[in-house]
Each structure stands twice: as C-alpha cells, then as structure tokens.
Amino acid sequence: IHIVRDPRNILTSLRNHYSQTQEESANMLLNDFSWIGFNNHEIPQLISSWKNHYNSWKKFPENNLLIRYEDLIKDPKKEIIRLIEYFSKFFKLSVSTHQIAKIINNTSFENFSEQENNGKFKENAKNNLGDKRKFFYLGPKNNWEKYVKKETLIKITSAFEKEMKELGYL
C-alpha cells in the first residue's frame, strides 16, 4: 500500500518537521541522496527524491495499491472501502458501515492532533532550539498555493512533471 502526496504540499510538512527553509525542503525532495538521523545517536536514514520514491513503487504492479493522500482526505470512506477490497484479496474481511465510520473518526487529522496535544504521540520533531514541533501541523489545510514560492514551484514541477501528470496533480 503506497500513499502518495502532491510534492508541493510535502514542502510545508518537511519545512515544519525538519525546521528547514523552503529551499532546503525542496532540495530534500529533489535530491536522490539525502541523509537524516546523524544527530543524537539516531539511526541514519537515506531519503531519496520524491520521484524515485514514487517510481520505485511502480516497479511492483501486482498486489500494489496506490492511494493519493488528497483522495483520502477528500473521500475517506471511498478510500477505506478500496483498502478493505484490497485486503479482502488476501484474507476474509468483513467491515460494517458503522466500523468504517469509526475508522474515519479514529484516523482523522483532528483526532490525531488531539492525541498529540494530550501527549499521546511521541514522534514530534524538535526545532533547532530543542523545542517540540507539531507533527500534525496543517493536515487538510495544507495548501501549497498559500505557502510555496513561485521559483520553488517551477523547480518542483519541472523535475516531477511526468509523475505529477500521471497522478493528476498537473
């Protein structure tokens, strides 16, 4: 199961999570070899470009379910039904309408944000001063048109044009 997201909206999330400038976040999306995790004895991780990440999943067309994050936000019930149908290929699964509604409520941005506010989420990033940053930052309110500079948009859309068109982002 691969959840893909419009790279223009990922910029805001990266910027918040890693306390970066917009240019640094754009470079992280564009760079095939970005490394994180060298501070505080963390485990180093290679983060490739958005394009490489998306295209790597296409190499496995069988048993691969692609979900656009934006569709999940727009119509969570439809996407949850797609997930149930996908899982039903592998094992017996029966989910009621009531259970689907409960899944939607329990996995909502608002619910996760509330859990974070109540100290029940430990994945917060820290800014350069060591202060916690909200992990559940903008969610559905994240709109690249409000936050992304024109020159950054040009860089992102030209580098990822083929994939973004394929996904219906352009």
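Data table
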item	result
Flag for Ser94 being of a type in the set (Gly, Ala, Ser) and open to solvent by less than 70 Å² (accessible area, probe 1.4 Å)	no
The range 11-40: number of residues that are in a helix (DSSP H, G or I) and either at pLDDT below 90 or over 21 Å from Lys59 (Cβ atoms) (or both)	15
Residue selected from the range 98-120 under the condition open to solvent by 100 Å² or more (accessible area, probe 1.4 Å) and at pLDDT 95 or above, by the criterion nearest to Phe135 (Cα to Cα)	Lys102
Conditions (1) surrounded by 10 or more Cβ atoms within 10 Å (Cβ to Cβ); (2) assigned to a loop (DSSP other than H, G, I, E, B); (3) of a type outside the set (Lys, Arg): number failed by Leu46	(2)
Enumerated helices (runs of 4 or more DSSP H) restricted to the range 53-164, each holding at least 1 residues that are under 30 Å from Glu42 (Cβ atoms) and either of a type in the set (Val, Ile, Thr) or under 19 Å from the mean Cα position of the chain (by Cα) (or both)	69-74, 97-106, 109-117, 144-147, 150-159
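Each row is one residue, and each column tells you yes or no for (1) without any contact (Cβ under 8 Å) to a residue 24 or more places away in the chain; (2) under 16 Å from Glu163 (Cβ atoms); (3) loosely packed, with under 15 Cβ neighbours inside 10 Å.
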residue	(1), (2), (3)
Glu23	no, no, yes
Phe38	yes, no, yes
Asn52	yes, yes, yes
Asn55	no, yes, yes
Leu72	no, no, no
Lys78	yes, no, yes
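The values are calculated or read from the model by the stated rules, or taken from the named source; none is laboratory data. Note that the structure is a prediction, hence the values are computed from the model and not measured. We place every Cβ from the backbone using ideal geometry, glycine too, and count neighbours over all the protein chains shown. We work out accessible area using only protein heavy atoms, side chains counted, and drop any ligands, DNA or RNA first. Shrake-Rupley method; radii C 1.70, N 1.55, O 1.52, S 1.80 Å.
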